[in-house]
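The values are calculated or read from the model by the stated rules, or taken from the named source; none is laboratory data. Predicted model, so just to flag it, every value in this text is computed and none were measured. Using ideal geometry, Cβ is built from the backbone for each residue, glycine included, and neighbour counts are taken over all protein chains shown. SASA here: full protein model, heavy atoms, side chains in, ligands and nucleic acids out. Shrake-Rupley method; radii C 1.70, N 1.55, O 1.52, S 1.80 Å.
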Amino acid sequence: MADDGATDQADARSDRADNGTDRADSGAAVVEFIFAAVVLLIPVIYLMLALSQLQAASYATTSAAMSASRIAARDANPSEARAQAVARMHFADFGVDDTPTSITYSCAGACGQAGSLITARVETKVSLPGFPLLFGSDHSPHITLRANHTDVVATGGE
């Protein structure tokens, strides 16, 4: 019986000691969660934003190249202004505005002759999200996207 009383007293002391350490650790999980959220979630969210902007710009660049080659294939004298307007429309459709775009043409055979091939090359420079605010739009880091599309000339130019 004496052993039972000593054991009960030891258990009571250990319970009091455990309660004291529990109070010292209370609230630590919240701080750890906030720290983990800042360290892990914010970079992941930024990465998702950057990748989605690059994917949208990639789709817009490809669409602009296809439209530019089709414009040139159906018109004996393709208009650079018309191709740029269509490219701006594609970039606006994908939510990527104010990106510098260049469109160049090359021909396999005589340009404008029915049956010859014309290739449109579109090059776009896309800034990463947030960097133009830090460095200015002229000096911000960017990623260059290029797309080519070849089409057969349908009209005979004289």
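Take Arg121 and decide whether it is basic (Lys, Arg), surrounded by fewer than 16 Cβ atoms within 10 Å (Cβ to Cβ) and at pLDDT 85 or above.
Considered against the rule, which asks whether it is basic (Lys, Arg), surrounded by fewer than 16 Cβ atoms within 10 Å (Cβ to Cβ) and at pLDDT 85 or above, Arg121 comes out as no.
Starting from segment 87-116, take each residue that is within 11 Å of Thr61 (Cβ to Cβ) and list its partners that are open to solvent by 80 Å² or more (accessible area, probe 1.4 Å) and in a loop (DSSP other than H, G, I, E, B), counting only C-beta distances under 7 angstrom and pairs at least six apart or across chains.
Phe91/Asp97
Can Asp98 be described as surrounded by fewer than 12 Cβ atoms within 10 Å (Cβ to Cβ) and of a type outside the set (S, T, N, Q)?
Yes, satisfied.
What residue, among those in segment 101-118 that are closer than 20 Å to Ile143 by Cα and surrounded by 17 or more Cβ atoms within 10 Å (Cβ to Cβ), is nearest to the chain's Cα centre (by Cα)?
That would be Thr101.
Looking only at segment 48-100, count every residue that is assigned to a loop (DSSP other than H, G, I, E, B), hydrophobic (A, V, I, L, M, F, W, C) and more than 23 Å from Ile143 (Cβ to Cβ) and tell me the total.
1
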